[in-house]
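Working notes for the structure below.
The values are calculated or read from the model by the stated rules, or taken from the named source; none is laboratory data. Everything numeric in this text was worked out from a predicted model, so none of it was measured. In this analysis, Cβ positions are derived from the backbone assuming ideal geometry, glycine residues included, and neighbour counts consider all displayed protein chains. Just so you know, the surface numbers come from the protein's heavy atoms only, side chains and all, with ligands and any DNA or RNA stripped out. Shrake-Rupley method; radii C 1.70, N 1.55, O 1.52, S 1.80 Å.
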Amino acid sequence: MTMPAPDRRRAPAFPLAAVLAAVLATAAPPAAHADATVRNDHGTLTVPANSPIAGQLTVQPVTLSTPSRAIPIPGAIMAEPSRSLAILPPLTGRIVSLAAAPGDSVTRGQVLAEIASGDMAQATADALKARAALDQAHRALDRALGVAKAGGAAVRDVEAARSTYLQAAAEEERADARLAALGGQGATGGRMVLRAPVDGIVSAVSSAAGAYISDVTAAIMTIADIRQVWATASIPENQVPLVQVGQQADIAVPALPNQVRHGAIAAIEPVMHADTRTLQARIVLANDDGALKPNMFATVTVQAPQPARIMVPQSALLMNNDQVTVFVETAPHTYVRRIVDIVYDDGALCEVTSGLAAGERIVTQGAVLLNDD
């Protein structure tokens, strides 16, 4: 069977220009995207309101902010001097007993020690003698007044009895004042009882039962009320201008990890320490739980305010020919590239030192869509 010969007729020819036009028409973007950004002769980018890009741009005003700088300063915990008392013996003598040890909690009026003292025995005897003399003088005055009323005594006898009575009253008052100054707790054998003047904790004991007291200026123990303590900060000389009374501070103690106390600087010493070239600042801290102990190391972090400056999100920054730029909105949907100088900070913001002014509006999100111009 003979196969039919193939049809060798030539396909119709199409002009080259028509082919290129068809390709370009196929590759051309939709009309809606053709006007996404329009640049005029002055470098201004205009984004039509109906452009898809317009919905991806976030524009925010440039504002001044006053950030604070955290300054860590070495410090320590100390007891308030007004709440730390040294217990001094008012007289010489021998310590008979001590009723408190370091770490003991004591209350006001609690017995701390008992001392046998010859001076205390003398003061107690003087008080007893003065009371007896006053009683006798009072009775003598009453008798003289009775006799004078009956007409049997001269006026001078009454005056003499009254003078003796007043002298005895003055002596009794002196003896009682002396006894009160010594604690007012005299006992048989001249034993003197020392009592706690305040509530607190015995922080130190420097004597023992049986010891003889010869120096009345040496403390036998110390009581500290640490329900309120001081955190002291040693401010270096170059940071003194940054720290002011009233600034907030965070206090961290290495002995108490994960605990940060907060307070305000209550006072700053007026005189710098010559040996360390530091100035002492103090923060008053509540310490009801007693966790903060005097002489603990601490780090005091002060929040020092800085001068007002322009801070912008780093998402607004673009690199253009080794220059940092932002897009500034000059009119609705109209933007101009602006060169700025910046200082990089930690975090999402950075400081602009020149090129922007407060109140101007910049593109903070989507600026990269305007970058390909």
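Here are a few things to note about the model shown:
- Size descriptors for the range 224-357: radius of gyration and Dmax over Cα atoms are 22.4, 71 Å.
- Using heavy atoms of the protein chains and a probe of 1.4 Å, the accessible area assigned to M78 is about 70 Å².
- Summary value for the chain: 25 percent relative contact order, contacts being C-alpha pairs under 8 angstrom separated by 6+ residues.
- Accessible area per residue (1.4 Å probe, heavy atoms of protein chains only) ranks V271, V198 as V271, V198, with the largest value leading.
- Using a probe of 1.4 Å on the protein chains alone, the accessible area found for T330 is around 90 Å².
- Considering only the Cα atoms of the range 66-184, their convex hull presents on average a projected area of 16.4 nm².
- Rolling a 1.4 Å probe over the protein heavy atoms leaves E80 with an accessible area of roughly 10 Å².
- Over all distinct Cα-Cα pairs of the range 216-289, the Kirkwood formula returns a hydrodynamic radius of 14.3 Å.
- What a 1.4 Å probe finds exposed on the chain is 56% carbon and sulfur by accessible area, rounded to a whole percent.
- Multiplying each eigenvalue of the alpha-carbon gyration tensor of the chain by 5 and taking the square root yields semi-axes of 99, 25, 18 Å, largest first, rounded to whole angstroms.
- Counting only protein heavy atoms and a 1.4 Å probe, the range 140-292 has 56 square angstrom of accessible area per residue.
- Loop-located trypsin sites (Lys or Arg not before Pro) in the range 106-188 (DSSP state other than H, G, I, E, B) with a sparse environment of at most 12 neighbouring Cβ atoms within 10 Å: R108.
- Whole-percent pair-distance distribution, where bins are 5 Å wide, for the alpha carbons of the range 134-260: 2, 7, 8, 9, 9, 8, 7, 7, 8, 7, 6, 5, 4, 4, 3, 3, 2, 1, 0
- Computed with a 1.4 Å probe over protein heavy atoms only, the accessible surface of the range 306-373 comes to 53 Å² per residue.
- Helical contribution to [θ] at 222 nm, DSSP H n ≥ 4, -39,500 (n - 2.57), averaged over the chain, rounded to 500: -7000 deg cm²/dmol
- Residues considered: G146, G290, G93. Largest GNM mean-square fluctuation over the chain, using C-alpha springs under 10 Å, is found at G146.
- Comparing P307, P72, P90 in a Gaussian network model of the chain where C-alpha atoms under 10 Å apart are linked, the largest mean-square fluctuation is found at P307.
- Across S354, S84, S65, mean-square fluctuation computed from a Gaussian network of the chain (C-alpha pairs under 10 Å connected) peaks at S354.
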